[in-house]
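Structure record follows, encoded as structure tokens.
The values are calculated or read from the model by the stated rules, or taken from the named source; none is laboratory data. Just so we're clear, the structure is a prediction, and the values are computed from it rather than from any experiment. Neighbour counts are summed over all protein chains in view; Cβ atoms, including those assigned to glycine, are modelled from backbone coordinates with ideal geometry. When the accessible area is computed, the model is the full protein with side chains, heavy atoms only, and any ligands, DNA or RNA have been set aside. Shrake-Rupley method; radii C 1.70, N 1.55, O 1.52, S 1.80 Å.
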Amino acid sequence: MTTTVKAPAADERLLHRSLARRLMGRPELGSVVGAVAVFLFFAITAEPFLRVSSLSTVLYASSTIGIMAVPVALLMIGGEFDLSAGVMVISSALISSMFSYQMTANTWVGVGVSLLVTLAFGALNGVLLTRTKLPSFIITLGTFFMLTGLNLGFTKLIDGTVSTKSIADMEGFDSARTVFASHLTLGSADIQITIVWWLALVAVATWILLRTRVGNWIFAVGGNADAARAVGVPVTKTKIGLYMGVAFAAWISGQHLLFSYDAIQSGDGVGNEFLYIIAAAVGGCLMTGGFGSAIGAAVGAFIFGMTSKGIVYAQWNPDWYKFFLGAMLLLATLLNAWVRKRAEDKS
């Protein structure tokens, strides 16, 4: 009598996944499709859009959003929000400007002080969140109003107006401008340094998410913080670190504004936090955390850069831009949820 030996089932982890299935599992899929569609749309409807000078302007507009959208995306993957990010950019610039001017110090001293104070703002958000257990919406809404008041109050108290004094003639200004607000001309293209900062942040954030233990912690914390804590993930340190990452990007953006214009309006920045959150959401970050990518956030920022400038090149009423933001947020959220469900069904 012969017996038939049944072959062991193949380990699911070793099964080859098709390219289509792998793409369906990528969080930035929807944003890439959207970016292609927006690019083709404005390429057809706005004749100046495809000029090299126009595309460099689009990249600059994208980078100013993208520098902040990348760390905000990591924070959202970790399951949290930061509504103070927009005004924190202005706070960083104000601290650098007023410290340098009032202390008649080298502008690099003000830049360094600004970095330390801005990181402290980020750490404060993280500590308040982890200690009080309140939702990040409440915590950062509170710090949003606090920073808004401090920006206006201190600027009026020290400078007597709502704007800072010019520091363009101070020692170290030119070298700081080279780092934070310079540009390189290649033919008819004007490449701003912010584009380099933006791409560098995307590369570092992607490496952290996909190649380091910290990236695993971020996804775990955003997926289920209690379960992550139970298996040894340092939830508190991870969340504080994510908020400090947002603060670091706010410092970069703030110094760019300062050394681009040599003076800062203390009331600026309000509302920009929504641009960063929407860019991250359009890029594939779920509002509930645990899913997303830095590359997707960069693509989301690129979509907004194309739209903001494409509307101008098409000579449309710019008021439609805000409508586009809201519509893109809703469509992206629905698309991301669908992509996530399809990926889970096929995994």
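Residues in segment 260-304 that are hydroxyl-bearing (Ser, Thr, Tyr) and over 18 Å from residue 80 (Cβ atoms) were compared, and the one that is least open to solvent (accessible area, probe 1.4 Å) is 266.
For segment 110-119, filtered to residues that are in contact (Cβ under 8 Å) with a residue 40 or more places away in the chain and aliphatic (A, V, I, L, M), the residue that is least open to solvent (accessible area, probe 1.4 Å) is 111. Checking each residue in segment 101-135 for being among the aromatic types (Phe, Trp, Tyr) and more than 19 Å from the chain's Cα centre (by Cα) picks out 101, 108. Using the structure shown, decide if residue 157 is under 21 Å from residue 90 (Cα atoms) and either at pLDDT 95 or above or in a loop (DSSP other than H, G, I, E, B) (or both). So residue 157 fails the test. Taking the numbered list (1) part of a strand (DSSP E or B); (2) under 25 Å from the mean Cα position of the chain (by Cα) in turn, residue 185 passes all entries but (2).
Remark: pairs (first residue in segment 137-154, under 25 Å from residue 239 (Cα atoms) and outside any helix (DSSP H, G or I); second residue of a type outside the set (Ser, Thr, Tyr) and open to solvent by less than 80 Å² (accessible area, probe 1.4 Å); Cβ separation under 6 Å; 6+ apart in sequence or on different chains) are absent. Among the charged types (D, E, K, R), surrounded by fewer than 17 Cβ atoms within 10 Å (Cβ to Cβ) and over 16 Å from the mean Cα position of the chain (by Cα): does that describe residue 226? Here the answer is yes, as residue 226 does meet what is asked. Looking across segment 313-347 at every residue that is open to solvent by 90 Å² or more (accessible area, probe 1.4 Å) and either within 24 Å of residue 64 (Cα to Cα) or within 19 Å of the chain's Cα centre (by Cα) (or both), the one that is modelled with the highest pLDDT is identified as 315. Check whether at least one residue in segment 120-130 is touching a Leu at 6+ places or on another chain (Cβ under 9 Å), surrounded by 24 or more Cβ atoms within 10 Å (Cβ to Cβ), small (Gly, Ala, Ser) and more than 29 Å from residue 173 (Cα to Cα), and report yes or no. Taking every residue of segment 120-130 in turn, at least one turns out to be touching a Leu at 6+ places or on another chain (Cβ under 9 Å), surrounded by 24 or more Cβ atoms within 10 Å (Cβ to Cβ), small (Gly, Ala, Ser) and more than 29 Å from residue 173 (Cα to Cα). Here 241, 300, 296 are screened, and the one residue that is part of a helix (DSSP H, G or I), modelled with pLDDT of 95 or more and of a type outside the set (A, V, I, L, M, F, W, C) is 241. All of 274, 291 fail the test of being in a helix (DSSP H, G or I) and in contact (Cβ under 8 Å) with a residue 12 or more places away in the chain, apart from 274.
Residue-by-condition table, conditions (1) at pLDDT 95 or above; (2) assigned to a helix (DSSP H, G or I); (3) not polar (S, T, N, Q):
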position	(1), (2), (3)
56	no, yes, no
68	yes, yes, yes
71	yes, yes, yes
88	yes, yes, yes
105	no, no, yes
113	yes, yes, yes
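Would you mind finding the one in 51, 26 that is open to solvent by 50 Å² or more (accessible area, probe 1.4 Å), modelled with pLDDT under 80 and not aromatic (Phe, Trp, Tyr)?
Numbers: 51 fails: modelled with pLDDT under 80.
Residue meeting the stated conditions: 26.
For segment 73-86, give me the residue count where each residue is part of a helix (DSSP H, G or I) and within 11 Å of the chain's Cα centre (by Cα). Residues in segment 73-86 being part of a helix (DSSP H, G or I) and within 11 Å of the chain's Cα centre (by Cα): 6 in total.
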